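J.: Sharing a structure with you now.
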Amino acid sequence: MLTNSFRPWQWTVRERRDFARGLIFILPWLIGFVLFLAYPIAASFYYSFTDYDVLSRSARLVGLDNYRRLLFGDEYIGKVLYNTIYYVIFGVPAGLVTAFLLAVLLNTDLRMRSLFRTLFYVPAVVPAVATTMVWLWIFNVQYGVINAFLASLGLRAIPFLSSQELVKPSLILIHCWASGATMVIFLAALQDVPRSLYDAATVDGANAWHRFWHVTIPMCTPAILFSLLTGMIGAFQYFTFAWILTNGGPNRASEFYAMHLYRQAFVYLRMGYASAMAWALFLIVVVVTIILYRSSARWVYYGGEA
Amino acid sequence: MVTRSTLTRRHFLRLSTIGAAGAMLAACVPAAPAPAAPAAEGAPAAAEKVAIEFWWGWTPDLIVKAIQSSLDEFMKNNPTIEVKTAQHEWGEKLLTAYAAGTPPDIHEHWLPMQFAARDLLQPLDDRINASTVITKDLFPDVFWTVGTWNGVRYIVPSLAFFAETALISNPVVFEKAGLKVPDDIPSDWDVLFEQAKKHTKFDDAGNIDTVWMVPDKGLRFWPAMYGIEDYDEQEHKWRFDDPAWEEVVLNIARFYTEFGPEKIDAFFQAYPGWIAVPGSAFASDRQAMVISGYWIPGELDKNAPGKEFIYTWAPSGGAAKGKKVTHWGAHSVMIPKASKHPDQSWLLVEHFAGVKSAELIFENLGWIAPQKTFWDVMNVSRYRGLDFFVNHLAREAEINTVNSPSPAIAFAMSGFATDVVDAVIFGNKDVKTALADFQKAVTEEEAKFFAQ
């Protein structure tokens, strides 16, 4: 049996044998981890200090040039960062609120509740590309469902994806529609709230809103924190919907950080610069995650705490 | 006396692990070749069938079937070669394959210089010089320049390469606007713009219902249409610092700013797709004019049968004002250095350079292959409008351009529309600044190939 401290030179023969056996059992995963995660991460870090165009065999070391370009030399970095932060600040909370409200609704005694739960979860399992093609036509300015309805009322069309002002809110709308997976997490959290708390609150004179605000939400804060963290991390890497629906347009109003990174790597063949962008994004996400996590001590309630 | 079993849990786990590891290793070892059947006395050994990978860019069914018809002919004449195909859409699939060291044996591309300049292709001079199919005069000399790097040829023009800058007009849309073809078809950009202002229609909801003409934001045709030398081959330098480009960009931009770039974007979202597909704005009688190439008569014949379109000279401006102009482009095939079967791939190259392959693709699609031997026998009346490309555009143009032989051409092609034209259309930059910034960026890219 291994001791708590990792000192292989102090192990007994049996402990070494046990460790070796354990390694053999996890070897397939370990190989995969090294080949498909650790090596690419290390390679990406190396390439961030090089001029590497993917097609050439060798990468030329350029020191901090890529990071300098990121900070001072990329005329579009400000815009893509703005778009991404916009999506994080507005899109993530919108998605969470939508998912939470849906979960609250589905946690009530509703007829055909199972059917509704399934329907609301379906967007989470439909491939993103298929979803995007559908939304392309829903939002279509001339023949889309929404604008056709507006036209029938004599109203002007809404240029969801062709307006610089509306393109990001439209993408956030799609994100809210696809919040089924988060809804399921919240549903589980809601069902874990002890009934006794609601009973006690009722006895104390709390109405529905009070029970929701002072019992339901606090008891769900761990799930909210988890969803907020994972949602924020995903939002910083937002790519698929925007790439297919708008390709960053109009006028880069929907060009997000991950798209700009992808373009640098595979359109402009600047893999070194793209790698630097990836590491910068990693640092941003780490910093925001730490801030969120530290703040959670103030607003997350873990049941069982004094 | 009762004896205990010697198979403990530990032993069982140990044996299972060894067994599983052994099974995995056995699965990884390649099967031993089956012993060859003894050959009959005097019979020659059967030739081994070789599979080669050929990739091209286009994905529409019509095009895939047309190229496949040529490949079927090749395989019929070369029964020991099997051609496996895939479409790379000139994008990440091909880049990833090269980066991984596993490119196809032979592939098509319209911007081959990016591969040639990076030493990724096999030089073909020796094969070309030894070939009895690809003779010196088979293609116009200028066709070779799109893939010649440091005096070495890395490509063979192939599949589709001809004059491609005609103004194509839809008579139905002209008639609805109260205009006549060909009398009212403009040959001047200012006249065209005035027509566009007058005849672009909007619906009650404020969307564009019929667009008159929207110039292409891409780089390709403009050097011909404005008589600009866009690339200095001697100095290896792009010339976006030529003031003539300002007129080009402002000309394109005015069409977008007049109607609103977002409205135009929304319109083409409602009518997506390539010009010659049935749902496109042009084939659906929602667009009056488009500037496009030799492939259109054949493709419209397949996709919009029975409809008539009119082909005339593209409007010209700047130094080319009043002149007849055309750009020629520009597909080639090339053999990567990492090709596993270069000899068999070369046979396919020679097949594409033959008349039969060209005829099959022409019959199925209407594309014009680059070999003169095909031009001599091509049935020009097969597709309505093809006559203009073959007997006028190709023969009478006073200004002819091809893709510049720059290693940074892919960068220039992809960046011009967004970094220059869009920047001006959306008011992000004035035209001088947009061009100056782009000149700096493309010069930086070009310099990478001459740095060492």
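Any read-out appearing in this document is the output of simple, stated calculations on the displayed coordinates, not a laboratory observation. Please read all numbers here as calculations on a predicted model, not as lab measurements. Neighbour counts run over all protein chains shown; Cβ positions are idealised from the backbone, glycine included.
J.: Between A:228, A:61, A:102, find the one with the highest GNM mean-square fluctuation for chain A; connect C-alpha pairs within less than 10 Å.
T.: A:61
J.: Over region B:167-228, what is the relative contact order in whole percent, taking alpha-carbon pairs under 8 Å and six or more residues apart?
T.: On the way: 28 pairs, mean separation 10.9, N = 62.
After rounding, I find 18 percent.
J.: So what is log10(I(q)/I(0)) for the protein assembly as shown at q = 0.11 1/Å, when the Debye sum runs over its Cα atoms only?
T.: Rounded to two decimals, the profile gives -1.35.
J.: In percent, how large is the relative contact order of chain B, given Cα pairs closer than 8 Å and 6 or more residues apart?
T.: Once normalised by length, the contact order is 25 percent.
J.: Rounded if a/c is under 1.5, else prolate if a/b is larger than b/c, else oblate: which is region A:1-134, with a ≥ b ≥ c the root eigenvalues of its Cα gyration tensor? Could you put the intermediate results ahead of the total?
T.: Numbers: a/c = 2.52, a/b = 1.18, b/c = 2.15.
Since a/c reaches 1.5 but b/c is at least a/b, the shape of region A:1-134 is classed as oblate.
J.: For the pair residue A:289/residue B:142, report the inter-label distance in nm, with labels modelled 7 Å from Cα in the Cβ direction.
T.: Label-label distance for residue A:289 and residue B:142, simple model: 5.7 nm.
J.: Once you order the gyration tensor axes a ≥ b ≥ c over the Cα atoms, which shape class does region B:173-224 get: rounded for a/c under 1.5, otherwise prolate or oblate by comparing a/b with b/c?
T.: Note, shape of region B:173-224 comes out oblate.
J.: Okay, moving on. Within 10 Å of each residue's Cβ, count the other Cβ atoms and sort B:360, A:245 from fewest upward.
T.: B:360, A:245
J.: Excluding residues fewer than 8 places away in the same chain, name every one of the aspartates and glutamates whose C-alpha is closer than 12 Å to that of residue B:65.
T.: Partners within reach: B:363.
J.: If you stretched the chain out fully between residue B:152 and residue B:175, how much longer would it get, using 0.36 nm times the residue separation minus the C-alpha to C-alpha distance?
T.: Values: separation 23, 0.36 × 23 = 8.28 nm, distance 5.20 nm.
Computed gain between residue B:152 and residue B:175 is 3.1 nm.
J.: So, one more: Beta carbons within 10 angstrom, averaged per residue: use that to sort the peptides A:287-294, B:188-195, highest first. If you can, show how the numbers build up before the last one.
T.: Numbers: A:287-294: 11.9, B:188-195: 17.0.
My ranking of the peptides, most packed first, is B:188-195, A:287-294.
J.: Can I ask one more? Rounded, prolate or oblate for chain A? Axes are the square roots of the Cα gyration tensor eigenvalues, ordered a ≥ b ≥ c, and the cut-off for rounded is a/c under 1.5.
T.: Oblate, since a/c reaches 1.5 and b/c is not below a/b.
J.: Still on this structure: Over chain A, with a Gaussian network built from C-alpha contacts below 10 Å, which listed residue (A:279, A:135, A:209) shows the highest mean-square fluctuation?
T.: So, out of A:279, A:135, A:209, the one fluctuating most is A:209.
J.: Most mobile of A:132, A:84, A:182 per a Gaussian network model of chain A (Cα springs, under 10 Å)?
T.: A:132
J.: Partner chain Cβ atoms within 10 Å, averaged over the residues of B:263-274 - can you pull that number for me?
T.: Mean number of neighbouring Cβ atoms from other chains: 5.
J.: Tell me the label-point distance for the pair residue A:200, residue A:155, using the 7 Å Cα-to-Cβ offset, in nm and rounded to one decimal.
T.: Inter-label distance under the simple model: 4.7 nm.
J.: What do you get for the angle between helix B:355-365 and the principal long axis of chain B? Use alpha-carbon atoms, 0 to 90 degrees, nearest ten.
T.: 70 degrees
J.: Now for a separate question. Can you work out ³J(HN,Hα) from phi for every residue in region A:193-205, in order, using Karplus 6.51 cos²θ - 1.76 cosθ + 1.60 and θ = phi - 60°, giving whole Hz and x for Gly and Pro?
T.: 6, x, 4, 4, 5, 5, 4, 4, 5, 4, 4, 7, x
J.: Moving on to the next point. Please list, by residue number, every one of the trypsin sites (Lys or Arg not before Pro) in region B:57-123 that is coil in DSSP and has at most 13 other beta-carbon atoms within 10 Å. Provide the component values of the computation, followed by the final result.
T.: Working: sites: B:65, B:76, B:84, B:93, B:118; in loops: B:118.
The qualifying sites: there are none.
J.: Just flag the trypsin sites (Lys or Arg not before Pro) in region A:64-156 sitting in loop per DSSP whose Cβ has no more than 13 other Cβ atoms within 10 Å.
T.: For trypsin sites (Lys or Arg not before Pro) across region A:64-156 that sit outside H, G, I, E and B with at most 13 neighbouring Cβ atoms in 10 Å, the list reads A:111, A:156.
J.: Given H placed on each backbone N at 1.01 Å, which residues far from residue B:83 in sequence or on other chains put an amide H within less than 5 Å of it?
T.: Amide H to amide H, under 5 Å and 5 or more residues apart or across chains, residue B:83 pairs with B:52.
J.: Also, I was wondering about something else. Given B:93/B:263; B:198/B:263; A:79/B:201; B:197/B:321; B:237/B:321; B:237/B:340, which pairs have Cα atoms separated by over 28 Å?
T.: On the way: B:93/B:263 33 Å; B:198/B:263 16 Å; A:79/B:201 34 Å; B:197/B:321 21 Å; B:237/B:321 25 Å; B:237/B:340 35 Å.
Listed pairs above 28 Å: B:93/B:263; A:79/B:201; B:237/B:340.
J.: Shifting gears a bit: Can you compute the helix-only [θ] at 222 nm over chain A? Use -39500 (n - 2.57) per DSSP H run of at least 4 residues, normalise by all residues, nearest 500 deg cm²/dmol.
T.: Only helices count here, giving -19500 deg cm²/dmol.
J.: So if I restrict to the alpha-carbon atoms in region A:151-278, what is the Rg, and what is Dmax, the biggest pairwise distance, in Å?
T.: Reported Rg and Dmax, both Å: 21.3, 67.
J.: Over the alpha-carbon set of region B:191-336, work out the extent along each principal axis and list the three values in angstrom, largest first.
T.: 54, 38, 32
J.: Could you sort the peptides B:104-113, A:120-129 by per-residue average Cβ neighbour count (10 Å cutoff), highest mean leading?
T.: The densest-packed peptide leads the list: B:104-113, A:120-129.
J.: Okay, moving on. Loop-only GluC sites (Glu not before Pro) in region B:250-332, please: DSSP not H, G, I, E or B, and at most 14 other Cβ atoms within 10 Å.
T.: B:308
J.: Give me, ordered by chain and number, the residues 5 or more places off residue B:156 or on other chains with an amide H under 5 Å from its own placed amide H.
T.: Amide H to amide H, under 5 Å and 5 or more residues apart or across chains, residue B:156 pairs with B:333.
J.: Just from the alpha-carbon atoms, what are the Rg and Dmax of region B:313-391 in angstroms?
T.: When restricted to the Cα atoms of region B:313-391, Rg and Dmax are 16.7, 51 Å.
J.: How far is the Cα center of region B:73-117 from the Cα center of region B:398-442, in Å?
T.: Here the two parts' Cα centres lie 28 Å apart.
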